[in-house]
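Enquirer: Submitted below is the structure of interest, expressed as structure tokens.
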Amino acid sequence: MTQNKPTQSVADRSRREFLKASALAAAGFAVGANLLWTPRVLGADKSRSVLVIGAGFSGLGAARKLTDMGYTVTVLEGRDRIGGRVWTDRTQKTPVDLGAAWIYGSDGNPITPLAQEARARLLATPDDSITVHDADGDAITAPKLKNGNSRYDGLIARVNKIITPDGPDKSFDDAIDATDSKYKHDPIVRWNLAARIELVTGAPLEHLSAKHWNDVKKFDGKDMIVPDGFDTIANALAQDLNIKLGEVVKSIDYDETDVTVQTSKGVYHADFAVVTLPLGVLKAKSVKFNPELPDAKIDAIGRLGTGTVNKVALFFDRPFWPADTQFIGFASGDKNPFPLFLNCKTFSEENMLVALSGGSGGPALETHSDSKIEDDIMEVMHAMFSTNAISPIRTVVSRWGTDRFSRGSHTYLSAHATPDDLTALAQPVGNRLFFAGEHTSVDYRGTVHGAYLSGIREADRIHELAKT
């Protein structure tokens, strides 16, 4: 994978005072319970330096725009690569994305022009190109699958009817029980719940908000995969940015004059910082903030959920599955950890399947060895394809839940959370710390475009503040 080299250190800075209090509301500033100073007016003699914590798409978006606007920007990234939860494995002749892989809704999506600028190929993966197998391994007939999908749609309608906008929330699992628990034992409905809800949100139904699970905005157009690897977009976005890799952030200190960040390699100072630490990392409290973050942020961090969707890429000597079918489903009727497989043979020369695991299955997968995971998947393969199934020659497993730089794949709203918690996480602190990431996006949480747009949002916020 191409990695960006640091090009310069953080510039020396003169001191910048705060905006007067009357300007804070326009900048979106919310006073925290433990904010320890009174904001003052920014001076005009500042060098305008910014530290960006994290080189995922939110950090790259913020750094790109701030750099283009003339700020001195240093990106501090703990990993030995950029991209964050975009991770393209390039150990085989065909790249495979073990993190984010799709541009969801390509029309109007800000990642689409970034992909075009990077000259990245885009390919639609049609949802209706799918074969779903039952517990016995038999392919479910089209009429039977259609009827089962209709029962799922009916369940969603019933849940939406009992969970009203003004009423109390429930977990999705409790909401199903409040309608009719028999749906949990319907194999095709159960498969839809796993493939269309748990894999999308990353959340177990027992924790997921029935009221807010699907209240995100969507772009029009087809969902597009990046056959040459999503990291091609990240690398293009990062071109010529000052990115320092292997800088594991330990603490972030801030006051009325500047921000100081202690990493595993040194100490950095700047006028502002854009913090893009994922929600899972904030929950783990592996980075110390001094002063502590406001209570509103701490409470929101506690209420929001971090889902875990893992992928297992399996490489074979030959395909034993329908080569022209985009997706393969396994509706076993229980909580199968591998409900869906992506057939990469449709867009590459590689004989490769990618198993997708979310909900409770995603975190559980991480407690097993690669060989155990491979054995479990091959049981499914043999159930669906009998003796035609052969063992893989190589297996690659993602483990986002135990990855110390992510602690999960993306954010979901639990039954105790609301979109206001996402808004709280997006608020600046002291007009020194600014927060970006998919967990700060009310409209597009859990997506690459949500992360990217949040970085642009905070770059604009800093610029409005600095030019006043």
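FYI, it's all coordinate maths here, none of it is from the lab. Predicted model, so just to flag it, every value in this text is computed and none were measured. Cβ: placed from backbone, ideal geometry, glycine included. Neighbour counts: every protein chain shown.
Enquirer: Rounded to whole Å and ordered largest first, report the semi-axes of the equivalent ellipsoid of region 157-313 derived from its Cα gyration tensor (root of 5λ).
Expert: 38, 23, 14
Enquirer: Right, next: Can you put ARG64, ARG119, ARG407, ARG151 in order of Cβ neighbours within 10 angstrom, beginning with the fewest?
Expert: ARG119, ARG151, ARG407, ARG64
Enquirer: Still on this structure, please answer the following. Under a point-charge model restricted to the Cβ atoms of Lys and Arg (+1) and Asp and Glu (-1), what is the dipole moment magnitude of region 320-394 relative to its Cα centre, in debye to the nearest 20?
Expert: With only Lys, Arg, Asp and Glu charged at Cβ, the dipole is about 100 debye.
Enquirer: Grab the other residues whose beta carbon is less than 12 angstrom from that of ASP169, score K and R as +1, D and E as -1, and report the net.
Expert: Overall, the nearby charge balance is 0.
Enquirer: Sticking with this one: Give me the dipole magnitude in Debye, nearest 20, for the chain about the Cα centre, with unit charges on the beta carbon: positive for Lys and Arg, negative for Asp and Glu.
Expert: Value, rounded to 20: 960 debye.
Enquirer: Under a point-charge model restricted to the Cβ atoms of Lys and Arg (+1) and Asp and Glu (-1), what is the dipole moment magnitude of region 238-288 relative to its Cα centre, in debye to the nearest 20?
Expert: Taking the Cα centre of region 238-288 as origin, the dipole is about 440 debye.
Enquirer: Using the 2.2 N^0.38 Å rule of thumb for compact globular proteins, work out how region 136-181 stacks up: its C-alpha Rg over that value, please.
Expert: 1.48
Enquirer: Report the equivalent ellipsoid semi-axes for region 254-395 in whole Å, largest first, defined as the square roots of five times the eigenvalues of the gyration tensor built from alpha carbon atoms.
Expert: 44, 18, 13
Enquirer: When SER414, SER409, SER251 are ordered from fewest to most other Cβ atoms inside 10 Å of their Cβ, what list results?
Expert: Lowest count first: SER251, SER414, SER409.
Enquirer: Any chance you could check the Cα centroid distance between region 380-454 and region 177-237 for me, in angstrom?
Expert: Here the answer is 11 Å between Cα centres.
Enquirer: If I take every Cα pair under 8 Å that is 6 or more residues apart in the chain, average their sequence separation and divide by the length, what percent do I get for the relative contact order?
Expert: Relative contact order for the chain comes out at 26 percent.
Enquirer: Got a sec? Charge dipole of the chain, +1 on Cβ for Lys and Arg, -1 for Asp and Glu; which of GLY70, ALA236, HIS416 is way out at the positive end?
Expert: GLY70
Enquirer: Find the eigenvalues of the gyration tensor of the Cα atoms of region 40-173, then list the square roots of 5 times those eigenvalues as equivalent ellipsoid semi-axes, largest first, in whole angstrom.
Expert: Over the Cα atoms of region 40-173, the semi-axes work out to 43, 25, 15 Å.
Enquirer: Here is a further query. Could you derive backbone 3J(HN,Hα) for region 411-418 from the dihedral phi with the Karplus parameters 6.51, -1.76 and 1.60 (θ = phi - 60°), listing whole Hz in sequence and x where the residue is Gly or Pro?
Expert: 8, 9, 8, 7, 5, 9, 10, 9
Enquirer: Shifting gears a bit: With both partners inside the chain, how many of the DSSP beta bridges are antiparallel, as a percent to the nearest 5?
Expert: 65 percent
Enquirer: Mind checking which lysines have their C-alpha under 22 Å from LYS146, skipping anything on the same chain fewer than 8 residues away?
Expert: Within the straight-line limit of under 22 Å, LYS146 reaches these lysines: LYS182, LYS184, LYS222, LYS335.
Enquirer: Now for a different question. Restricting everything to alpha-carbon atoms, can you work out Rg to Rh for the chain with a Kirkwood hydrodynamic radius?
Expert: Looking at the chain, the ratio lands at 0.99.
Enquirer: Still on this structure, please answer the following. Run lengths n ≥ 4 of DSSP H only: what is the helix-derived mean residue ellipticity at 222 nm for the chain, with -39500 (n - 2.57) per run over all residues, to the nearest 500?
Expert: Here the helix-only value at 222 nm equals -8000 deg cm²/dmol.
Enquirer: What ranking of GLU198, GLU206 emerges when the number of other C-beta atoms within 10 Å of each C-beta is taken as an exposure proxy, fewest first?
Expert: Taking fewest neighbouring Cβ atoms as first place, the list is GLU206, GLU198.
Enquirer: Something else now. Just need the relative contact order of region 179-305 here, percent rounded to a whole number, with Cα pairs under 8 Å and 6+ apart.
Expert: This gives 15 percent for region 179-305.
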